[in-house]
Every structure is written in structure tokens, then in C-alpha cells.
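The values are calculated or read from the model by the stated rules, or taken from the named source; none is laboratory data. Predicted, not measured: the structure shown is a model, and the values here were computed from it. Note that we place each Cβ from the backbone using ideal geometry, even for glycine, and neighbour counts take in every protein chain shown.
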Amino acid sequence: MKEKLNLFRESLRLVWNSTPGWTFANIVMSVLRSIFPLLLIWLLKVVVDDITKAATALPSTPNINVLLPIVAVVIIWFLDEASSDFSNYVRKKQALKLEVYMYGLLHSKAIKLDLINFERPEYFDCLSRAAREAPWRPNSILNNLVSMLRALLSLLLMTGLILTLHWTLAVLLLVANIPGIWLRLYYADMLYNFQRQQTPEARKSAYFNWLLTGDRPSRELRLFGLGNYFISLFKKSFLKQKEEEINIIRKRTLIELISNLFKASALLITLLFIAHQTIRGKLSLGQMAMFLLAFRQGMLYIKDLFGALAGLYEDNLFIGDTFEFLNLKENVTAAEPVTESLPLKKKIVLDNLSFTYPGNNFSTISNVSFEIKKGEIIALVGPNGAGKSTLVRLLCRFYDPDSGNIKYDGSDIRNIDPEEYRKHFSVVFQDFMLYNLSAGENIRMGNIDEKSPEGRIKAAATTTGVHELIDNLPYGYETVIGNLFDDSRELSWGEWQKIALARALFRDAPILILDEPSSALDADTEYDIFSRFREIVRGRTSILISHRFTNVSLADRIIVLDKGTIAEAGTHDELMKRGGIYFTMFTKQSSRFTR
Ligand code: ATP
């Protein structure tokens, strides 16, 4: 209970922080709107009574002015309508501000989170629940709270009015609505648990939907004729979720019918009572109209009140998902004592590193130790799955090793602020990014803070052999590349790779890591880049991962990884003399060209 109240308080804090002014306006408008209906009912009674009096008055009685109450009714009716429209506007505006605020929180959290989270399916479940609920749930809490207060206030006023008729009617008004509220609470729990359980299935159907509609899968899907197969997988997954949900809603609808029968009985008793009292002359026509309206209005307020209460209960269940995501802890941070992040002076030492991905029962990296000296070119080679890319991720501190450590000029990288530490690295990842932005921006992404980057962007593009291509695009470096937006130009995979390389070179970081940087490059460009490799890296400490041994052989030192451990290390000549894995891989590859 305490935890639920905390969530509640936290949500209201979020709503208030997102836009205090509009939140206040929303509350004020809601309170105002609870007063007008009551005023209207009372004024209607006055109008009916005055008109009845005027119609049945003897000529001798003084004139009864019915105009004044009629005008008052119209004014209050207008104010009620106007406040409803204005209140709608205020609500929308406040909801928009909150949505922007919540997206800000979600996105800021997502970019800070430890990358290890992306290895866990539970993380994606948590993210998808938070993304679904965060933009609107806190507001729903506020609106339900305001509706509850408004309905309570109005209900108290209406009940006071009905009490003047007979106390049992006021009790009846309350009791008739109890089955309805119980039902909503019961089904709120049921629906929440159901939706939580269904998150993995919902992600699965979203994935099949992407396979059917996305750009990337579209070619294989057509070629292999996979469309109907994915349609059937989507349908199965989608129906599995929805049929269960419809079942729950069907049961709820049936039972709601029964709860409405209770309300209808209460209405019947009240109508009979009011009719009886009016016929016996105990109520004037105006009073009769007033009580009828008051009872109907009271029913509506009770529905609103209990609806808001049940809504709050439901909100509280769901908002927990948002806080679960926002409160995920980051472990890749700077541990005390924090060391300043300075450019590399001497060396990076990897000492006895071991690492296992979550969910795997084998180590991807086992007891790996080696040094990278400043200015050295190191090549990492080894069969697929040897752990090369994982080692790069550990080096960039995307994950922390399970044991061992990485020392950067003698400081454990755990003691350096990760964001500052990563500024020393420039990397072309195997799965580099394609940004559907201008060609120039695609390169500038390497250092978004650079103030006047034009000259250096062109220089980087020239080095990787992509300048001419960009220059000939319709708007040169301003041309949007990719195929998502109007007026954009799609590039070939190799051209994208040249742009990714240019991006990495544009970032003037002292350590350069290239993970399979030439897998899609044409032979000319590859030859051009690697024959000038030292000139291009300009003394930067470089780590090259490649399966092309002609490129690898230019490194100062070659580390051969196999099944997560270092199998051998040395210069090209040393490893060739040794006749081990490197020798075998090199000769196998070169024999294909010398036959
Ligand atoms: P390649 O030459 O094919 O690029 P690699 O040497 O770079 O391979 P890694 O990508 O580091 O190899 O992967 C090493 C092993 O780690 C894989 O065989 C796989 O079992 C495991 N692995 C890699 N990425 C993940 C991941 N995200 N989650 C779980 N296990 C992973």
C-alpha cells in the first residue's frame, strides 16, 4: 500500500513538474465545472415554479417576473458550455506538455542505460511497457483525481438536495452503484496482469509486423516468398493476445449488465416516490423537476466518482511499469576515486579479462591479457565468434568484465567517467549506423560539437574515396541520403561503409577501432585505404579487426583470438614462422589467389 501511495505521489510530482501553470489551470477549471450543473438545476426549479405560479395566478396578484430566472438559466448554461470547451483546451495543452516531458524522461534514460540491458529480453518488455504507458498515465492519474474531487463535491451537494426529500433515496443512490465499482476494480487487476503477461507476445507480433512492412526485410521476403508465412505467424501471435483480452472484456460486459439492473431498480423506486409525493401535493412541479434532475445527475456523479476511483487504481497498477524503467540502475558509471580522463600517454593494458553475456552458459572472453601501446597498430584476428567484437565493446566500456580489468595509462577504466573516456575512441562498428540525414551530417555525427566542420568533413570523405560521389549528388553534402524521406538518395552498402569510415576519421579521437571496415569496399578503395593506412591514421593508436589477411599483415602486432582466449600474438613474420592458426588461416586465404 505504501509503495502504491509512493507511485501515486511520484506521478503527481511528474505531472506538476512538467507544467505547473497548466496543471493548476486544469484543476481550477474542473472545480468550476462542478458548480455550474447544480446552479442550473436550482435555477430550473425556480423557473418552473415561477412559470406555474404565473400561469395559475389570479389577476389581482402582482406580476411575477419569469424573465430574470430564464436569463439566469441561459447565462449559467452558456458558462457551463464555455467552461467545458475551455477546460478541454486546457486539458489538451497540459497533456501535450506532459507528453513531451515524459518522452524527455524516457529518452534521457534510454541513452544512459547500460548496454548490457540490450542483451536481456526482460529489458525490452520493460521498455515497451514504459513506452506505452509513460506518455499518458501520469496525466490520467491527475485527471482521475480531479474528476474524483469534482464528482465528490457535486455529489455531496446533490446528496444534500436529495436528503431534503428522503434519506433513503440518498442511500439508494449510493448502494445502487456499489456492484459497478467492485467490478471495475476486479477487472482492472485482471486486465493489468493479463497485459503484463502478454508483453513478450505483443513484442513478437510487432516484430512480425515489421518483417512484413519494413524496408530491410522486404527484399528477402519477396525473394524467398516468406510473406504468407509471416502473415500466418503474425495472425497467430496477434490473435493469441487479442482473443484472451476480448474474453475478459466479454465477461466484464455481461456482469456490467447486471450492475446496470441495480441502477435501473433504484431509478424506478425514486421515480415512483417522486411521482407519489407530487400527486399528493407534497412537492411542487418545480421541486419535482429539480429532484428528478438531481437524482439523475447524482447517478452520473457517482458513476464519475467510482469510475475515477477505479481509474486511479488501474493507473497505479500501470504507472509502476514506467517507474520500473525510469528506476533501472546504471552500473557503468565512474567508481570512486574518480580519475580524470586524459588523452592516452603510454598504453592500455587488458589484464586477465573474462566476460560472459547474460543468459549464456559459456564465457565469450576468458583470461585475455595484452597491451596496446600509444601509436601502435594492433590487428585482432580469429574465426567467427572468437570474441573480437566483444573485446572492442569491453574496451569502449559498453560492458564491464566479470573479472580482470582494463587499465588506461595505469587507471582502471571503471574509475573514469564513461562518457569522457569514450571521447578518446573513434569506432567503425561492424553494424555501423545509417542516418537518414544529409551526407555531410552523416560524417559530422563523428563529432557533433565541431563548430566549423566543412573542410574536415570533405577531407575525411576524400580519404575514404566518397567525396566525388557526394559532390555529384543533387545538393552535394546537403543531400539527404537513405530512402526514408522525400528528396533523398539511397546509397549502396559499400558507399554507406565509406561514409561510416569517413565519420570515424572525422572524429579526431586518439584511438581508432575499425571492426571489419572494408567488408563492402571495392578492391580499388580498399587497396587505396590500406596502402596508405599509416598515413591515414596519422599516428593514432589503432585496432583493426579484419578477416582479410593482406590488410592485417600491415599491423605492428597481431593478436589471434580463438574461442575467447589469445591463441597467439606477434608480428606477421613471427606468426608465419610459428606455423600456428595465423599461418594456416593466412596460407588458406592466399592460396586462393596464387593458384
Ligand atoms: P565475427 O568474426 O563473426 O564478427 P567475433 O569474433 O567478433 O565474430 P563476437 O561478436 O565477439 O565474435 O561474438 C563472440 C561470441 O559471443 C559469439 O559466438 C556469441 O556466442 C556470443 N555473443 C556475441 N554477441 C552476443 C550477444 N549480444 N548476446 C549473447 N551472446 C553474444
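Annotations for the structure displayed:
- Residues (within 20 Å of S18 (Cα to Cα) and of a type in the set (V, I, T)) located in the stretch 66-104: V90, V100
- Exclusive hit being in a loop (DSSP other than H, G, I, E, B), within 45 Å of the chain's Cα centre (by Cα) and of a type in the set (D, E, K, R), set K263, K345, K282, K303: K345
- Filter result for the condition that a residue is of a type in the set (A, V, I, L, M, F, W, C), in a helix (DSSP H, G or I) and over 25 Å from L183 (Cα atoms), over L233, L254: L233
- When K423 is tested against the conditions (1) over 25 Å from H572 (Cα atoms); (2) within 16 Å of the ligand (Cβ to nearest atom); (3) among the basic types (K, R), the lone failure is (2).
- Annotation note: of L514, L505, L561, the sole residue that is within 14 Å of the ligand (Cβ to nearest atom) and under 16 Å from A460 (Cα atoms) is L514.
- If you go through the stretch 434-490 and pick out every residue that is within 28 Å of the chain's Cα centre (by Cα) and of a type in the set (S, T, Y), you end up with 3.
Yes or no, residue by residue, for (1) at pLDDT 85 or above; (2) crowded, with 16+ Cβ neighbours inside 10 Å:
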| residue | (1), (2) |
| --- | --- |
| V66 | no, yes |
| I75 | yes, no |
| D80 | yes, yes |
| N88 | yes, no |
| L98 | yes, yes |
